[in-house]
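Participant: This is the structure I want to talk about, given as structure tokens.
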Amino acid sequence: MRNSGVAIDEYTDSLRNYTAGVRFMPEQDNFAVVICRGNDHTEDNIDDIRPTRRNNQWTCTSNSTVIP
């Protein structure tokens, strides 16, 4: 019996981009740290997955997910 290989799509096994940020939050008198992972492995624009401030929280943009 002979096994045959199957080609995969070039992005099927790709890594996702990550960004991270540290910010001083004066309202809380504390530092906040966040690590963001791109939701899509084809997302190459770091500006689309960078941390942002929303509702006095340091969080990820809508194109990324917070890594706990």
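Participant: Ranked highest first by the average count of other Cβ atoms within 10 Å around their residues, in what order do 49-55, 33-39 fall?
Facilitator: Peptide ranking by packing, descending: 33-39, 49-55.
Participant: Accessible area of the stretch 23-65 with a 1.4 Å probe: how many percent of it is carbon plus sulfur?
Facilitator: On the way: 1170 of 2820 Å².
Carbon and sulfur atoms account for 41 percent of the accessible area of the stretch 23-65.
Participant: Under 13 Å from the Cβ of Ala20, count the other residues' Cβ atoms, weight Lys and Arg +1, Asp and Glu -1, and hand me the total.
Facilitator: Local net charge: +3.
The values are calculated or read from the model by the stated rules, or taken from the named source; none is laboratory data. Bear in mind the structure is a predicted one, so any value in this text is a computation, not a measurement. Here the Cβ is made from the backbone with ideal geometry for all residues, glycine too, and neighbour counts use every protein chain on show. Just so you know, the surface numbers come from the protein's heavy atoms only, side chains and all, with ligands and any DNA or RNA stripped out. Shrake-Rupley method; radii C 1.70, N 1.55, O 1.52, S 1.80 Å.
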